[in-house]
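Okay, so here's the structure we're looking at.
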Amino acid sequence: MFNIGMQELLLIAAVALLVVGPKRLPDVAKSLGKGLAEFRKTAEGVTDSLKGTLQDDEPQSPQKEGEKGEDKAAEEKKLEGTASNG
């Protein structure tokens with residue numbers, strides 16, 4: 001995801017150990033993990049919401065000439081059938 005190699009990961013862990021200290025490092029790591037999980041959930045929700053909104057706003061594709069003619073012919077047959085029944 002971030003293209004971090006093993007050497008970079010060890011360097012980050014060593015700096016974190018020096019900055020935070022060995023007693024608080026597990027708590028900080030746990031908090032960081034929870035924060036990242038919450039961020040991912042929120043980002044996924046926003047992405048899904050935007051996709052839904054964009055799909056709702058897309059214009060309908062226009063019907064082809066042949067499709068319009070078929071629809072009109074079907075409507076005319078319905079009208080003829082109701083006129084002859086009434």
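Just so you know, all these numbers are worked out from the coordinates, no wet-lab data involved. It should be emphasised that the depicted structure is a prediction, and the values quoted were computed from it without experimental measurement. Quick reminder, even Gly has a Cβ in these numbers, built from the backbone with ideal geometry, and neighbours come from all protein chains shown.
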I need the full set of residues from the range 1-17 which are part of a helix (DSSP H, G or I) and surrounded by 10 or more Cβ atoms within 10 Å (Cβ to Cβ), in order please.
Glu8, Leu9, Leu10, Leu11, Ile12, Ala13, Ala14, Val15, Ala16, Leu17
Select from the range 25-45 the residues that are surrounded by 11 or more Cβ atoms within 10 Å (Cβ to Cβ) and more than 27 Å from the chain's Cα centre (by Cα) and list them in ascending order.
Leu25, Val28, Ala29
